[in-house]
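Comments concern the structure below.
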Amino acid sequence: MTDTRTPARTRRMPGERAMLAAMGVDSLGSGMYIPFSLVFFHHITGLSFAVVGAVLTVVGLVGMTALPLAGSAVDRYGARRVQLVLYGVRGTGFALYPFATALPAFAAVALGTAVGDRAFPAVQQAWIGEVARAPTGTGCRRRPAPCATGAWARARCWPPWWWPWAVTAASR
């Protein structure tokens, strides 16, 4: 005889659906931004691909300096609030890109966007920690092993730092 009872529903953590939706939006946007950014900025600004690449590289490196500021903001205001602010910063920057037709304007808008873009993953990880945190004294509700395993695999597989050596070794 088969068991026809429906399984018990798993209880959702507060903020879990919003977090998953935010991760989906961010992944889609980041995935589309990277391959098309050079072509878009070359077309809008009229600058060479080398200049556009150099500007994006420099503002990306400078944008990483926002990480300590984002961490302080998370400590003071909470990860969700900071993440919403970073969505606003990034969205405003992306909306201004078509109007940044000169090099200085392009660099300024790209810098503002890079600050929000570089700080976003760290704030998102803090938000995951806040969502997964159980009430005081009860321990973790769910084991973080799948997340840790996924982060470990991603760190070793992306960016593909090992691909040139693998291709060279395979071609011998």
Please tell me if S27 is exposed (fewer than 14 other Cβ atoms within 10 Å of the Cβ), free of Cβ contacts under 8 Å to residues at least 40 places away in the same chain and closer than 22 Å to A126 by Cα. yes
Checking T65, T2 in turn, the sole residue that is more than 16 Å from the chain's Cα centre (by Cα) and either modelled with pLDDT under 70 or hydroxyl-bearing (S, T, Y) (or both) turns out to be T2
For segment 47-132, which helices (runs of 4 or more DSSP H) that fit wholly inside it have 2 or more residues that are β-branched (V, I, T)? 49-63, 79-96, 103-132
Checking L61 against (1) surrounded by 15 or more Cβ atoms within 10 Å (Cβ to Cβ); (2) without any contact (Cβ under 8 Å) to a residue 40 or more places away in the chain, the condition it does not meet: (1)
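The values are calculated or read from the model by the stated rules, or taken from the named source; none is laboratory data. As the structure is a computational prediction, the values presented were derived from the model and not from experiment. Neighbour counts run over all protein chains shown; Cβ positions are idealised from the backbone, glycine included.
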